[in-house]
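One structure is given below, encoded as structure tokens.
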Amino acid sequence: MFCNNIEMKTLLDTVPVPIIVFDNNNEIISINLEVINMFKNDLDIERNDTNSCIKEFFKKDLTYFRNKASEESLCLEKTFKIHKKLLHFKVKFKKSEENTIVVLNDITRHKKTEIELKESKERLDSVLQNMPIMMDAMDENDNIIVCNNECERVTGYSKEEMINNHTIWEKLYPDQDYREKIVNQIREKDCNFRDLEYDIVCKDGSVKTISWFNISKKFPIHGWHSWAFGIDVTNRNKTEERLRKKTKELKKIFEALPDLYFRINSQGIILDCMSGIHSDFDIVPKECIGYAFRDIVPEEMKSFINKKISKVFKTNRLVEKEFELKENGKLKYYESRVIPLIKDEMIIIIRDISKRKLNEEAKKRAKENMKLLNEAVEHERLRTEFFANISHEFRTPINVILGAIQLIDIYLNDIPDLEVYEKLIKIKRSMKQNCYRLIRLVNNLIDITRIDSDFLELNLRNYDIVKIIKDITLSVSEFVKLKSLNLEFYCNIDKKVIACDLDKIDRILLNLLSNAIKFTKQGGKISVSVEAEKNEVIVSIRDSGIGIKDENQEIIFERFRQVNKSLTRENEGSGIGLSLVKSLVEMQGGTIWVNSEYEKGSEFIIKLPAKLVEDHTDHNILKSIQSDKVEKVSIEFSDIYF
């Protein structure tokens with residue numbers, strides 16, 4: 001056997017290549033000195049541990065090789081990694097009778113070089129792919145064979161759409177003449193140029209300007225017929241164009257100004273001069289350049305100007321001063337600004353402010369007039385407060401009358417005469433209804449006054465708006481029946497909680513329902529609907545009443561406006577209701593509008609935001625508010641007679 005041949009063992013030790021011999025049980029029969037030295041010197045493994053390390057390392061490979069009965073040899077690459085040390089080998093397995101010979105060829109240095117080259121190439125590729133300038137390479141048929149990420153970002157086309165796709169040029173340069181011009185220029189410069197700017201059409205249709213430079217003639221790269229770098233200068237060009245436009249605009253602006261402008265040096269020589277086209281100065285700017293500034297100003301100004309110029313050159317600070325001159329017997333006022341520019345230069349700006357002085361006098365008079373106006377506004381405020389106070393004073397006698405009516409209810413039960421009883425009941429009902437009418441009018445006047453004075457408070461709480469509107473609608477059903485109308489309620493959701501002011505929602509809905517009942521004839525229909533959307537709730541009150549003419553739909557929300565005086569006489573009203581409704585809706589962040597067709601009906605639509613607030617609602621207060629619903633309906637419907 002191989003292992004018993006002492007001469008062969010000796011021969012293996014002389015071979016300068018690591019060799020290991022295994023039997024069919026994966027036991028090591030023999031290892032030569034190269035293997036022992038490799039493990040000791042390169043991997044710091046003592047001889048006692050060498051065999052166990054080798055067996056463990058080749059265990060799976062030996063099993064795999066022996067299972068391949070038809071194969072006499074097997075080559076593969078293996079890496080030893082022990083104590084953070086790496087050795088790379090090309091391993092050859094060879095069957096020999098009952099043994100397996102394993103020959104190790106150390107390729108560590110080659111592998112390290114290969115890895116370093118690969119990493120270097122990856123770094124270079126990463127730089128080329130991710131650098132913030134465009135880079136592409138083409139073959140001899142002008143097909144793009146390489147392009148980086150910046151090409152994708154700028155053009156909007158992917159690498160797959162550009163590489164080896166000759167039609168990409170027609171997309172980037174759709175104008176054939178322009179495309180041919182570019183090709184001719186590149187050929188003339190023989191792939192050796194800088195700062196050639198071309199406009200490309202990107203995938204999204206936008207046009208960008210790219211500045212290209214190509215040095216592939218001087219620095220050829222194998223496999224690339226031509227390569228180039230490009231920089232997107234669209235923003236730079238746009239900035240330059242904006243600067244040019246801004247310069248023109250500034251020049252136009254200066255021409256529109258009434259100023260006289262000089263730029264002078266430390267010797268007082270005029271270097272530049274400009275005057276607006278509307279300037280009142282009798283000077284030709286171009287003729288002043290090159291002359292001493294003191295030679296072109298009036299004699300009485302020379303001393304003044306010289307002092308200011310000297311002061312600016314000494315202090316390097318802006319100096320402003322007003323002065324006056326008498327011209328043709330008329331006093332004129334001027335404003336001068338002496339501005340340091342650079343070390344030996346300054347700017348002098350002179351403006352005729354005679355008109356401004358006149359304006360200042362006018363402003364002084366306007367200020368006095370404003371004082372009178374403020375006094376008038378204060379008088380109006382006092383009048384509004386008086387109006388609010390007197391509206392409150394109305395409530396006291398009304399409440400006394402209502403209290404007396406309640407006492408009458410008690411005494412009516414003791415009247416034996418039925419005819420007298422019915423007459424008194426009718427009189428009492430009329431008294432009570434008109435008291436409610438007065439309360440409604442007073443409430444509206446007070447609320448309008450509070451809104452005008454910003455004193456009406458908003459009490460937002462989180463309520464189920466669907467239930468509130470449904471309850472309000474049902475609360476007026478008796479009034480609807482009395483007029484033989486049909487009432488419908490519809491909603492597309494069972495519950496929707498939003499932040500709203502419950503009392504004001506009652507006022508809004510009852511007012512709109514009151515109008516619907518008032519102006520809808522017997523047998524007509526009134527429908528109320530609630531629709532909940534993502535961020536808002538839409539409430540609709542529709543009737544089949546008399547409708548509103550187109551020309552009147554714009555004014556119905558104006559205060560004290562009534563679209564039809566004859567209707568006013570037939571149906572009572574103050575012209576405040578819809579104006580108040582609009583204000584109450586807008587206070588809660590909502591909007592209201594009307595869709596109407598004359599003699600066919602009207603639809604009032606309210607849109608409220610579906611938002612929530614931090615809520616600390618007292619449920620006892622909520623019950624109290626709901627218990628007042630009957631009286632609220634009676635007050636809001638007090639101007640409807642059945």
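The values are calculated or read from the model by the stated rules, or taken from the named source; none is laboratory data. As the structure is a prediction and not an experimental result, all values here were calculated from the model. Here Cβ is always computed from backbone atoms with ideal geometry, including for glycine, and neighbour counts include all displayed protein chains. What goes into the accessible areas is simple: the full protein's heavy atoms, side chains included, and nothing from ligands, DNA or RNA. Shrake-Rupley method; radii C 1.70, N 1.55, O 1.52, S 1.80 Å.
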K181: without any contact (Cβ under 8 Å) to a residue 24 or more places away in the chain and either within 37 Å of the chain's Cα centre (by Cα) or open to solvent by less than 50 Å² (accessible area, probe 1.4 Å) (or both), yes or no? no
Pick from segment 317-376, criterion part of a helix (DSSP H, G or I) and of a type in the set (G, A, S), ranking: surrounded by the most Cβ atoms within 10 Å (Cβ to Cβ): S354
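Could you please give the count of residues in segment 216-228 that are surrounded by 12 or more Cβ atoms within 10 Å (Cβ to Cβ) and of a type outside the set (K, R)? Walk me through it before giving the result.
Residues of segment 216-228 that are surrounded by 12 or more Cβ atoms within 10 Å (Cβ to Cβ), as a first pass: 216-217, 220, 224-228.
Right, trim to of a type outside the set (K, R) and you get 216, 220, 224-228.
Within segment 216-228, residues that are surrounded by 12 or more Cβ atoms within 10 Å (Cβ to Cβ) and of a type outside the set (K, R) number 7.
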Which one of these does N143 not meet: (1) more than 18 Å from I231 (Cα to Cα); (2) open to solvent by 60 Å² or more (accessible area, probe 1.4 Å); (3) at pLDDT 90 or above? (2)
Tell me whether segment 575-594 contains one or more residues that are open to solvent by 50 Å² or more (accessible area, probe 1.4 Å), more than 18 Å from D501 (Cβ to Cβ) and at pLDDT 85 or above. yes
In segment 1-32, which residue that is aliphatic (A, V, I, L, M), more than 13 Å from V103 (Cα to Cα) and open to solvent by 40 Å² or more (accessible area, probe 1.4 Å) is modelled with the highest pLDDT? I29
When residues of segment 85-110 are limited to those that are without any contact (Cβ under 8 Å) to a residue 24 or more places away in the chain and outside any strand (DSSP E or B), the one surrounded by the fewest Cβ atoms within 10 Å (Cβ to Cβ): R109
Meets criteria (farther than 30 Å from I186 by Cα, open to solvent by 40 Å² or more (accessible area, probe 1.4 Å), assigned to a strand (DSSP E or B) and at pLDDT 85 or above) for K118: no
Output the number of residues of segment 476-486 satisfying the condition of being more than 28 Å from M587 (Cβ to Cβ) and either open to solvent by less than 10 Å² (accessible area, probe 1.4 Å) or in a helix (DSSP H, G or I) (or both). 5
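I want to confirm something. Restricting to segment 189-215 and keeping residues that are among the small types (G, A, S) and surrounded by fewer than 17 Cβ atoms within 10 Å (Cβ to Cβ), which single residue is nearest to I231 (Cα to Cα)?
The extreme case among them is S206.
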Among the numbered conditions (1) open to solvent by 90 Å² or more (accessible area, probe 1.4 Å); (2) of a type in the set (A, V, I, L, M, F, W, C); (3) assigned to a loop (DSSP other than H, G, I, E, B), tell me where L124 comes up short. (3)
Expected output for segment 443-455 (first residue over 12 Å from M587 (Cβ atoms) and free of Cβ contacts under 8 Å to residues at least 60 places away in the same chain, partner open to solvent by less than 10 Å² (accessible area, probe 1.4 Å) and small (G, A, S), Cβ below 9 Å, 6+ apart or cross-chain) is I446/S391
Evaluate the following for I231: is it surrounded by 15 or more Cβ atoms within 10 Å (Cβ to Cβ) and either modelled with pLDDT of 75 or more or assigned to a helix (DSSP H, G or I) (or both)? yes
For segment 450-475, which residues satisfy the criterion of being of a type outside the set (S, T, N, Q) and assigned to a helix (DSSP H, G or I)? R450, I451, D452, I465, V466, K467, I468, I469, K470, D471, I472, L474
Just one of the numbered conditions (1) hydroxyl-bearing (S, T, Y); (2) modelled with pLDDT of 80 or more; (3) in a loop (DSSP other than H, G, I, E, B) is not true of S279; which one? (2)
Within the bounds of segment 61-72, is there any residue that is small (G, A, S) and in a strand (DSSP E or B)? no
Give all pairs with beta carbons closer than 6 Å in which a residue from segment 492-503 that is without any contact (Cβ under 8 Å) to a residue 40 or more places away in the chain meets a residue that is assigned to a loop (DSSP other than H, G, I, E, B) and among the charged types (D, E, K, R); count only pairs at least 6 apart in sequence or on separate chains. none
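Please go through segment 341-357 and pick out each residue that is closer than 15 Å to E322 by Cα and without any contact (Cβ under 8 Å) to a residue 24 or more places away in the chain.
S354, K355, R356, listed by residue number.
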Kindly indicate whether any position in segment 217-228 is free of Cβ contacts under 8 Å to residues at least 60 places away in the same chain and touching a Leu at 6+ places or on another chain (Cβ under 9 Å). no
Residue hits (segment 338-380; small (G, A, S) and modelled with pLDDT of 85 or more) are A366
Scan (1) closer than 19 Å to T108 by Cα; (2) modelled with pLDDT under 80 for the single condition I54 breaks and write down its number. (2)
